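Take a look at the structure below.
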Amino acid sequence: MLESSEKAYCLALDALKQKDYIAAAGHFDRAAPHFRNDKEFCLFRESTRLLVDVRKRLSTLENADNRIEIEEIFSNG
């Protein structure tokens with residue numbers, strides 16, 4: 001059985017797979033107390049937070065005639 005923080009980490013990775021970055025950021029936040037010293041976790045968490053922030057800022061700039069698309073590229077996954 002997984003602990004709640006381990007389950008949150010798994011849910012975050014699954015949300016990333018589904019490209020649900022806001023949900024992933026929330027799951028990463030719930031898992032943070034347990035994985036605070038894990039470098040891979042910190043990289044996933046911070047890059048997800050950055051992506052969510054960039055998308056929010058870009059969405060305020062977009063209009064119907066001027067769309068900016070972001071393409072995510074993940075190696076090995």
- Going by the structure shown, is LYS19 touching a residue at least 40 places away in the same chain (Cβ under 8 Å) and either closer than 24 Å to ILE73 by Cβ or not charged (D, E, K, R) (or both)? yes
- Query: Tell me, which residue of the stretch 14-36 that is more than 14 Å from LEU51 (Cβ to Cβ) and in contact with a Ser or Thr (Cβ under 6 Å, 6 or more places away or on another chain) is surrounded by the fewest Cβ atoms within 10 Å (Cβ to Cβ)?
  - Reply: HIS34
- Query: Is it the case that some residue within the stretch 45-62 is part of a loop (DSSP other than H, G, I, E, B) and modelled with pLDDT of 85 or more?
  - Reply: no
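The values are calculated or read from the model by the stated rules, or taken from the named source; none is laboratory data. What you see is a predicted model, and the numbers here were worked out from it, not measured in a lab. Cβ sites come from the backbone with ideal geometry, for glycine too, and all protein chains shown count toward neighbours.
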